[in-house]
Amino acid sequence: VVTRKHRRFIVSMPSTLVQRDQFRHKGSIRDLSAKGCRMESVISPFTGMQVTILLHVPGEMNPIKIENAAVRWCGSQGIGIEFLVVEEPEQARLGTFIKQLEKTAPAN
């Protein structure tokens, strides 16, 4: 059993994985926490790869942009991504969204 510092929420929301501002890969976030997410995508990035994640939050015009993230694992369950640094105001937006999930989404 993995002990986690941050509660994970089961979600289904569109996302975009960006590599070095060049490659954009559509995906779907399947679970989300304050410090990371699990994403389903057709690509198989390598562990340790630095990426930018765009979280397309339902009902919001602009995605939450997490510019400093890293791939921690990749496999049949998807891609595990750790948010290394989340700048303001994106941190506040992510926090607000997580608070909404705490009220509605089942924990994983």
Among (1) touching a Phe, Trp or Tyr at 6+ places or on another chain (Cβ under 7 Å); (2) of a type in the set (Asp, Glu); (3) open to solvent by 80 Å² or more (accessible area, probe 1.4 Å), the one test that Asp31 misses: (3)
- prompt: What's the number of the condition Asp21 fails, among (1) of a type in the set (D, E, K, R); (2) within 15 Å of the chain's Cα centre (by Cα); (3) over 19 Å from His6 (Cα atoms)?
  reply: (2)
- prompt: What number of residues within region 69-80 are open to solvent by 10 Å² or more (accessible area, probe 1.4 Å) and among the hydrophobic types (A, V, I, L, M, F, W, C)?
  reply: 2
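Would it be correct to say that Pro45 is under 14 Å from Val18 (Cβ atoms), open to solvent by less than 70 Å² (accessible area, probe 1.4 Å) and in contact (Cβ under 8 Å) with a residue 40 or more places away in the chain? Lay out the reasoning, then the answer.
On the way: under 14 Å from Val18 (Cβ atoms): yes; open to solvent by less than 70 Å² (accessible area, probe 1.4 Å): yes; in contact (Cβ under 8 Å) with a residue 40 or more places away in the chain: no.
No.
Has region 26-35 got any residue that is under 14 Å from Arg72 (Cβ atoms), of a type in the set (Gly, Ala, Ser), in contact with a strand residue (DSSP E or B) (Cβ under 9 Å, 6 or more places away or on another chain) and modelled with pLDDT of 90 or more? Reasoning before the result, please.
Step one: list which residues in region 26-35 are under 14 Å from Arg72 (Cβ atoms), which gives 31, 33, 35.
Applying the additional criterion that residues be of a type in the set (Gly, Ala, Ser) yields 33.
Checking the rest, the ones that are also in contact with a strand residue (DSSP E or B) (Cβ under 9 Å, 6 or more places away or on another chain) come to 33.
Those still in the list that are modelled with pLDDT of 90 or more too: 33.
Yes, some residue in region 26-35 is under 14 Å from Arg72 (Cβ atoms), of a type in the set (Gly, Ala, Ser), in contact with a strand residue (DSSP E or B) (Cβ under 9 Å, 6 or more places away or on another chain) and modelled with pLDDT of 90 or more.
Per-residue answers, yes or no, for (1) at pLDDT below 95; (2) among the hydrophobic types (A, V, I, L, M, F, W, C):
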residue: Arg24; (1), (2): yes, no
residue: Ser41; (1), (2): yes, no
residue: Phe46; (1), (2): yes, yes
residue: Thr52; (1), (2): no, no
- request: Specify which of the listed residues (Glu102, Glu88, Glu82, Glu60) is modelled with pLDDT of 95 or more, outside any strand (DSSP E or B) and among the charged types (D, E, K, R).
  value: Glu88
query: With respect to the numbered conditions (1) open to solvent by 10 Å² or more (accessible area, probe 1.4 Å); (2) in a strand (DSSP E or B); (3) under 21 Å from Arg7 (Cβ atoms), which one is the sole condition not fulfilled by Ile66?
result: (1)
- prompt: From the set of residues in region 17-26 that are in a strand (DSSP E or B) and open to solvent by 20 Å² or more (accessible area, probe 1.4 Å), which is nearest to Glu82 (Cα to Cα)?
  reply: Gln19
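Within region 8-16, is even one residue of a type in the set (Phe, Trp, Tyr) and open to solvent by 30 Å² or more (accessible area, probe 1.4 Å)?
Going through region 8-16, the residues of a type in the set (Phe, Trp, Tyr) turn out to be 9.
Now restrict to residues that are open to solvent by 30 Å² or more (accessible area, probe 1.4 Å): none.
Within region 8-16, none of the residues are of a type in the set (Phe, Trp, Tyr) and open to solvent by 30 Å² or more (accessible area, probe 1.4 Å).
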- request: Could you list all residues from region 42-77 that are closer than 20 Å to Leu94 by Cβ and in contact with a His (Cβ under 8 Å, 6 or more places away or on another chain)?
  value: Pro63
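The values are calculated or read from the model by the stated rules, or taken from the named source; none is laboratory data. Keep in mind that what you see is a predicted model, and the values were worked out from it rather than measured. No Cβ is skipped: glycine too gets one built from the backbone with ideal geometry, and neighbour counts run over all protein chains shown. Ligands, DNA and RNA are excluded from the accessible area calculation, which covers all protein heavy atoms including side chains. Shrake-Rupley method; radii C 1.70, N 1.55, O 1.52, S 1.80 Å.
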